[in-house]
Structures are given as C-alpha cells and as structure tokens.
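Colleague: Please find one structure pasted underneath; my questions will follow.
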Amino acid sequence: MKTILSKKEPEKRLLVHMRNTGGRNKYGRITVRHRGGGTRSMYRFVDFGQEYAGVKGKVSALEYDPNRNAFIALVQYENGKKGYVLAAETMKEGSEILCDERAEVASGNRMRLQYIPVGTQVFNIELIPNQGGKIVRGAGTAAIIGAHESGFAQLTLPSTEVRRVSDQCFATVGMVSNPGHKYVVLGKAGRRRLKGWRPSVRGTAMNPHDHPHGGGEGKTGRGMTHPKTPWGKPALGVKTRGRKWTDKLIVSRRKKKKK
C-alpha cells in the first residue's frame, strides 16, 4: 500500500528551529567526522509516548519528516489539541486512532503489551514502562509478539534478536510507514551532501601520520595484522556493545546474514 502524503504545510505550533553542529563539540573540535552542511530543517515534536492517553484522535494529515525515514501523522484529538505520531503503514487521512491501557487491536492504536495477542506486529516499543517508545521506529520495521510469560512479552525484533519486554510497556499495533525507504538510491553525491554528509577519505589513501592504515605505494592494503581506528583502538572483530542493563532480557542474539 502506497502512502499518499498531504499537500499542506507542517503544523507551526509543533515545530522548532534546529541548530546544525557540523559534527563539532562546544569547543569547536570535530568529534563526529564527515558531517556538515545540509539543508536547513525544522524539528517536529513527535509523541513517542502516551501524551494523549484515553483521548480518541483522527488523522488529519500524513507528512514527510526530514529528521527520520518514516512518515509522521498529524492527529486531531477530541479535546481540541493536535499532535504528531509515527505513522503506521495502513494509516490514511480520516483514520481513527486511540492510545489507552487497553484498546482495539487495530493498526495505529497504542496500548500495553499484555493486551496485544501473540503474533501481532508492533512498533515504537517502550523498554521501561511509561518512558516512551525507544525501539522499532525505523521505516518499514515491526516486531512480532511471540509469547506472554511471567509478566513479560517475548518479541522478535527486525534484527532477528529475540528479547523480553515488560508486559506493562506500551507499543503501537502495526508496521512503521514507508517500507520502500530501503530501496531508495541516492544516485549522486549532491543528495548526500544535502542530507548533511561530507566526503570521506579511505584510511589507506592517507599518510601514516594521518591514519593507522596509511602509507605504502599505490593501492596497498592496510599493512597491519591488527587493524586500528584513527585513534589507535582495535577495529576488526572487536565487540562494540557495552555492558547494557538490557542484556539480561535477551533470549537469543541476532543471526548473522549468510553471504
């Protein structure tokens, strides 16, 4: 199903100016390489939590958001207020949604995991109750509820990782909009520059004092048994995940893709 975006200006009360850092910290030093430039954009205040719990709403517009790869929906609530939420794939203008402790299991509705049946697709999932959705928010993604046991819901995430999440956490039923995003080809360097990305240079093309992979003649390789980052830290086959408190809730790790 192709999502048809509304031809309207964004809601001004839900916008705020963003200042581009260009990858620099407060001292002006580059801490994130290859960032800078890009087109100016306004930040949209998107409700990832339950700000309007218990209040029915109707989708008045589907809009593009320059700050994420999914579409967002402008919702007009019965109490007269408006707000942005992540748009589900089946959403369209006029769709009615509800966020409540327990609601109808329909695409776009948000409720606690304990009331969502096994086998249902969900997104914008909380990790801690009432702290707002943290995972499964990218375009075209969805997690599947595999089981309910001992106060936890077992979820299969888009990465194939299986983890447990408290049944008291909220999640939105359905799949995130814009699943065709993964097929988009930028086509030229200019489009990437407009997104705020600057050119990057291969480490092997640099001089030895600029990068651990530098030096040599022509297109020689990295020239070392144990590759390092530009800051001298190991870079190949090293686990990057720290000691996360959520590790204890992981049932099975993600599966590696076959080449």
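The values are calculated or read from the model by the stated rules, or taken from the named source; none is laboratory data. Quantities reported herein were computed from a predicted structural model and do not represent experimental measurements. When we count neighbours, we look across all protein chains shown, and the Cβ atoms used for this are built from the backbone with ideal geometry, even at glycine.
Colleague: Of everything in region 237-254, what is surrounded by 10 or more Cβ atoms within 10 Å (Cβ to Cβ), of a type outside the set (Asp, Glu) and either over 23 Å from the mean Cα position of the chain (by Cα) or modelled with pLDDT of 85 or more (or both)? Give them in sequence order. Step through it out loud before you land on a result.
Modeller: First, pick out the residues of region 237-254 that are surrounded by 10 or more Cβ atoms within 10 Å (Cβ to Cβ): 238, 246-247, 249-254.
Checking which are of a type outside the set (Asp, Glu) leaves us with 238, 246, 249-254.
Selection gives 238, 249, 250, 251, 252, 253, 254.
Colleague: Looking at (1) exposed (fewer than 15 other Cβ atoms within 10 Å of the Cβ); (2) of a type in the set (A, V, I, L, M, F, W, C); (3) outside any loop (DSSP other than H, G, I, E, B), find the lone condition where residue 4 falls short.
Modeller: Answer for residue 4: the failing condition is (3).
Colleague: Going by the conditions given, is residue 226 more than 30 Å from residue 50 (Cα to Cα), of a type outside the set (Lys, Arg) and either exposed (fewer than 12 other Cβ atoms within 10 Å of the Cβ) or at pLDDT 85 or above (or both)?
Modeller: Against the criterion (more than 30 Å from residue 50 (Cα to Cα), of a type outside the set (Lys, Arg) and either exposed (fewer than 12 other Cβ atoms within 10 Å of the Cβ) or at pLDDT 85 or above (or both)), residue 226 qualifies.
Colleague: Can you tell me which condition residue 191 does not meet? The list is (1) free of Cβ contacts under 8 Å to residues at least 40 places away in the same chain; (2) surrounded by 14 or more Cβ atoms within 10 Å (Cβ to Cβ); (3) outside any loop (DSSP other than H, G, I, E, B), and all the others hold.
Modeller: Among (1) free of Cβ contacts under 8 Å to residues at least 40 places away in the same chain; (2) surrounded by 14 or more Cβ atoms within 10 Å (Cβ to Cβ); (3) outside any loop (DSSP other than H, G, I, E, B), the lone unmet condition for residue 191 is (2).
Colleague: Right, another one. In region 239-252, how many residues are within 17 Å of residue 127 (Cα to Cα) and either in a loop (DSSP other than H, G, I, E, B) or free of Cβ contacts under 8 Å to residues at least 24 places away in the same chain (or both)?
Modeller: Residues in region 239-252 being within 17 Å of residue 127 (Cα to Cα) and either in a loop (DSSP other than H, G, I, E, B) or free of Cβ contacts under 8 Å to residues at least 24 places away in the same chain (or both): 5 in total.
Colleague: Looking for whichever is acidic (Asp, Glu), closer than 25 Å to residue 136 by Cβ and surrounded by fewer than 17 Cβ atoms within 10 Å (Cβ to Cβ) here; the options are 51, 63. Which one fits?
Modeller: Numbers: 63 fails: surrounded by fewer than 17 Cβ atoms within 10 Å (Cβ to Cβ).
Only one candidate qualifies: 51.
Colleague: In region 144-174, how many residues are in a strand (DSSP E or B) and hydroxyl-bearing (Ser, Thr, Tyr)?
Modeller: Total satisfying the criteria: 3.
Colleague: For region 204-221, indicate whether the set of residues that are loosely packed, with under 11 Cβ neighbours inside 10 Å and closer than 30 Å to residue 71 by Cβ is non-empty.
Modeller: No, every residue in region 204-221 fails to be loosely packed, with under 11 Cβ neighbours inside 10 Å and closer than 30 Å to residue 71 by Cβ.
Colleague: Give the residues of region 79-134 that are crowded, with 21+ Cβ neighbours inside 10 Å and aromatic (Phe, Trp, Tyr), sorted by residue number.
Modeller: Correct list: 84, 123.
Colleague: Being in a loop (DSSP other than H, G, I, E, B), at pLDDT 95 or above and surrounded by fewer than 14 Cβ atoms within 10 Å (Cβ to Cβ) narrows it down to one residue among 201, 185; which is it?
Modeller: It is 185.
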